[in-house]
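Visitor: Dropping a structure here in C-alpha cells format, bear with me for questions.
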Amino acid sequence: MEISTAKEAADDGLITSFGRLLGAANRLEYILGRALEDECGITHLTYEVLLILGRAGGEGLSMRTIAQQQVLSTGGVTRLIDRMIAAGLVERAEDPTDRRSRLVRITTEGERTAVAASVVHRRNIEQYFVAPLPADHFEQFAADLRLLSRAATAALPRLK
C-alpha cells in the first residue's frame with residue numbers, strides 16, 4: 001500500500017496494529033511496574049535482571065550478557081548492578097574461567113525478593129494481561145509473542 005498522507009498513515013492497518021501493541025505494552029509496563037515498586041520496592045527492570053540471574057543459576061552471568069539480554073548499554077547495566085549490589089540483591093563474584101572477569105549472581109536476599117515480587121507480578125499479569133483475552137486465545141497469543149520476541153532478538157545488533 002502506498003501512503004501519501006498522514007491520514008493514510010494513521011489509518012494503515014499495520015501501523016495501527018503495531019501502535020496498539022506498543023501502547024498496550026507501555027500501559028502494562030506502567031501498571032505492572034508500579035505494582036512492583038509499590039508492593040516490593042523494586043523496579044520492573046531490577047525484577048527482570050533478578051529473573052535473568054535466577055534462570056542462569058550458580059556462578060552468575062557477565063555484565064555483557066545481562067546488558068545484551070536487557071538491551072542496555074554496558075554503562076547502563078553497570079549502574080543498575082551497582083544499585084542492586086547496594087540493595088543486597090546481587091553480588092559480584094570471580095569468574096572461575098577467567099580471573100580478569102567478574103560475574104554477577106543473585107544473593108539470598110535477591111532470591112527472596114524475586115520470589116515475593118513474582119507473586120505480585122503473576123497476580124497482576126493474570127488480571128491485566130490474561131483476563132481481558134478470550135480464554136481460548138491466550139495459548140496462540142503466547143506462541144505468537146515468542147515468535148515475535150525471537151525474530152526481534154535475531155534482528156538486534158550484538159553489543160561489543
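The values are calculated or read from the model by the stated rules, or taken from the named source; none is laboratory data. Model, not experiment: these values are computed from the prediction. Positions of Cβ are backbone-derived with ideal geometry, glycine not excepted, and every protein chain shown enters the neighbour counts. These accessible areas exclude ligands, DNA and RNA; they are computed on the full protein's heavy atoms, side chains included. Shrake-Rupley method; radii C 1.70, N 1.55, O 1.52, S 1.80 Å.
Visitor: How large is ³J(HN,Hα) for each residue in region 54-66, as worked out from phi by the Karplus curve 6.51 cos²θ - 1.76 cosθ + 1.60 (θ = phi - 60°), to whole Hz, x for Gly and Pro?
Guide: Values, residue by residue: x, 5, 5, x, x, 6, x, 9, 6, 4, 4, 5, 4 Hz.
Visitor: Might you report the magnitude of the Cβ-based charge dipole of the chain about its Cα centre, with Lys and Arg at +1 and Asp and Glu at -1, to the nearest 20 debye?
Guide: Numbers: 20 positive and 21 negative charges, 127 e Å.
Computed about the Cα centre, the dipole is about 620 debye.
Visitor: Could you tell me which residue out of Ser149, Leu80, Leu133 lies farthest along the dipole of the chain toward its positive end? Charges go on the beta carbon: Lys and Arg +1, Asp and Glu -1, centred on the Cα centre.
Guide: Leu80
Visitor: Then there's this: Order of 8-20, 40-52, 57-69 by packing, highest average Cβ count within 10 Å first? List each step's numbers first, then the result.
Guide: Values: 8-20: 11.0, 40-52: 18.9, 57-69: 16.8.
Ranking, from highest mean packing down: 40-52, 57-69, 8-20.
Visitor: In debye, nearest 20, what is the charge dipole magnitude of region 29-93 about its Cα centre with +1 on Lys and Arg Cβ and -1 on Asp and Glu Cβ, if you could check? It would help to have the intermediate numbers written out before the result.
Guide: Numbers: 6 positive and 8 negative charges, 53 e Å.
Charge dipole of region 29-93: 260 debye, to the nearest 20.
Visitor: Another question about this same structure. Distance in nm between label sites at Thr74 and Met1, each 7 Å beyond Cα in the beta-carbon direction?
Guide: Taking the simple label geometry, Thr74 and Met1 are separated by 4.4 nm.
Visitor: So what are the ³J(HN,Hα) numbers for region 99-106, from phi and the Karplus equation (6.51, -1.76, 1.60; θ = phi - 60°), rounded to whole Hz, Gly and Pro as x?
Guide: 5, 7, 9, 10, 10, 10, 9, 6
Visitor: With +1 on each Lys and Arg Cβ and -1 on each Asp and Glu Cβ, and nothing else charged, work out how big the dipole of region 58-128 is about its Cα centre, in Debye to the nearest 20.
Guide: On the way: 11 positive and 9 negative charges, 35 e Å.
Its charge dipole is roughly 160 debye.
Visitor: Could you check the spin-label model distance between Ala86 and Leu133? Points 7 Å from the Cα along Cα→Cβ, value in nm.
Guide: 3.8
Visitor: Which log10 I(q)/I(0) values, to two decimals, does region 1-86 give at q = 0.17, 0.21, 0.24, 0.25 Å⁻¹ under the Debye formula with one point per Cα?
Guide: -0.81, -1.00, -1.16, -1.21
Visitor: Here is a further query. Which far-off residues, 5 or more places away or on another chain, put their amide H under 5 Å from the one on Ile42, with H placed in the peptide plane?
Guide: Result for Ile42 returns Glu37.
Visitor: Ok, one more. On a 1.4 Å probe surface of the protein chains, which of Leu21, Leu148 comes out largest in accessible area, and what is the full order?
Guide: On the way: Leu21 80, Leu148 105 Å².
Descending accessible area places them as Leu148, Leu21.
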